[in-house]
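J.: Okay, here's the structure, questions in a sec.
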Amino acid sequence: MYELAPYSHISSIWRAVSPGYDDPFRFWPGVVWLGRPVPIPPVSLEELKADPVWSHKGLVKANMQGVSGRGCSREEYAALLDILQQKGFDITTLPALPELAGSPGIPLTCERDVERYLLEPFLRQLGLTEKDWLRQMPLRMGRGVRYYPDYVIHAETERGNEGGAFVCEAKFRIASERQRREAFEQARSYARRLECRGLLLASCEGIWLSFDRDNYEFEKMEFLDWQALTEPDVLHQVRLQVDAVIKQKRGR
């Protein structure tokens, strides 16, 4: 809970105690009930600006103006806990985020595990099969240097005319903004080289989606964790987005 007045600081951590719902009899119809507040040592706006994670958040750069319920990433929450721990606060009294989702009974230890047990099953859930993707597609870029995108959906392999509808890059962990930006820039270079309509990053944390309609802007990436993707409605929306760009690429 961030307070604008009389002090500009985060003063407490609350829990959502009800699912979100729409109340048509309220001026602002979107409603979620909060409770179980835990007071914390104040974390000021200056401290957030000095933190290597929070300082990159657009809301912090805007001096928290217009704040009215904004999303907080796993990375940002972990950074907030680090700040509180440095202040000597017992962070075990605060809510802990759920463990990263994975395949039941299968420990994920490397990038290939993410591909086999998370990314490939997810692609099948989108209605794709092994015939629809090419793994480790040879691709020449720059001065003839060969690169290998992890997965290209509907790949066109004619030398000099390589192309594809979608690029997927897998990493074992993407736990920081620096890792996310590096993985994104790598995937974006492949997507532009292959004139793809979209790209997807996958890791133990979840997936990130970016599309050429947004000019592959880093700030417009959409993130979904694996738990969210178990929801049929969420998965359906992702499938609609991916199907649309694939059809655009194939001229249907």
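The values are calculated or read from the model by the stated rules, or taken from the named source; none is laboratory data. It should be emphasised that the depicted structure is a prediction, and the values quoted were computed from it without experimental measurement. Ideal geometry is used to build each Cβ from the backbone, glycine not excepted, and the neighbour counts take in all protein chains shown. Heavy atoms of the whole protein, side chains included, go into the accessibility calculation; ligands, DNA and RNA do not. Shrake-Rupley method; radii C 1.70, N 1.55, O 1.52, S 1.80 Å.
J.: Restricting things to Cα coordinates, could you compute the convex hull volume per residue of segment 139-252 in Å³?
T.: Dividing the Cα hull volume of segment 139-252 by its residue count gives 105 Å³.
J.: Could you tell me the calculated FRET efficiency between ARG146 and ARG181, based on Cβ-Cβ distance and R0 = 30 angstrom, to the nearest 0.05?
T.: With R0 = 30 Å, the Cβ-Cβ based efficiency is 0.80.
J.: Now a separate question. For the Cα atoms of the chain, what angle does the longest principal axis make with the long axis of helix 177-193, in degrees from 0 to 90, nearest 10?
T.: Helix 177-193 and the main axis of the chain meet at about 30 degrees.
J.: Hey, what do the phi angles of segment 107-112 turn into as Karplus ³J(HN,Hα) couplings, whole Hz, using 6.51/-1.76/1.60 and θ = phi - 60°, x for Gly and Pro?
T.: x, 9, 10, 7, 4, 5
J.: In Å, the Kirkwood hydrodynamic radius of segment 5-153 over pairs of distinct alpha carbons?
T.: That comes to 20.0 Å for segment 5-153.
J.: Related question: Determine the alpha carbon to alpha carbon distance for each of LYS87/LYS220; LYS57/LYS171; LYS131/LYS171; LYS61/LYS247; LYS87/LYS171; LYS61/LYS87 and list only those over 28 Å.
T.: Details: LYS87/LYS220 34 Å; LYS57/LYS171 23 Å; LYS131/LYS171 22 Å; LYS61/LYS247 38 Å; LYS87/LYS171 33 Å; LYS61/LYS87 23 Å.
Result: LYS87/LYS220; LYS61/LYS247; LYS87/LYS171 exceed 28 Å.
J.: If I model a spin label at ARG36 and CYS110 as a point 7 Å from the Cα along the Cα→Cβ vector, what separation in nanometres do I get?
T.: Label-label distance for ARG36 and CYS110, simple model: 3.9 nm.
J.: Here is a follow-up. If you roll a 1.4 Å probe over the chain with all protein chains in place, what percent of the accessible area is carbon or sulfur?
T.: 51
J.: Please compute one quarter of the surface area of the Cα convex hull for segment 1-86 and express it in square nanometres.
T.: Directional mean of the projected Cα hull area for segment 1-86 stands at 6.4 nm².
J.: Near the amide H of TYR151, under 5 Å away, which other amide H atoms are found, from residues 5 or more places off or on another chain, if H is placed in the peptide plane?
T.: GLN136, CYS168
J.: Using only the Cα atoms of the chain, what do you get for the radius of gyration and for Dmax, in Å?
T.: In order Rg, Dmax, the Cα atoms of the chain give 20.9, 64 Å.
J.: A further question on this structure: How tilted is helix 232-250 with respect to the longest principal axis of the chain? Cα atoms for both, answer in degrees (0 to 90, nearest 10).
T.: On a 0 to 90 degree scale, this one is about 40.
J.: Treating only the Cβ atoms of Lys and Arg (+1) and Asp and Glu (-1) as charged, compute the dipole magnitude of the chain about its Cα centre; round to the nearest 20 debye.
T.: Rounded to the nearest 20 debye, it is 740 debye.
J.: As a test, work out the antiparallel percent of DSSP beta bridges whose residues both lie in segment 104-239, rounded to the nearest 5.
T.: Here the share of antiparallel DSSP bridges comes out near 80 percent.
J.: At R0 = 35 Å, how high is the FRET efficiency between SER8 and GLN86 if r is their beta carbon distance? Nearest 0.05 is fine.
T.: E between SER8 and GLN86, to the nearest 0.05, is 0.95.
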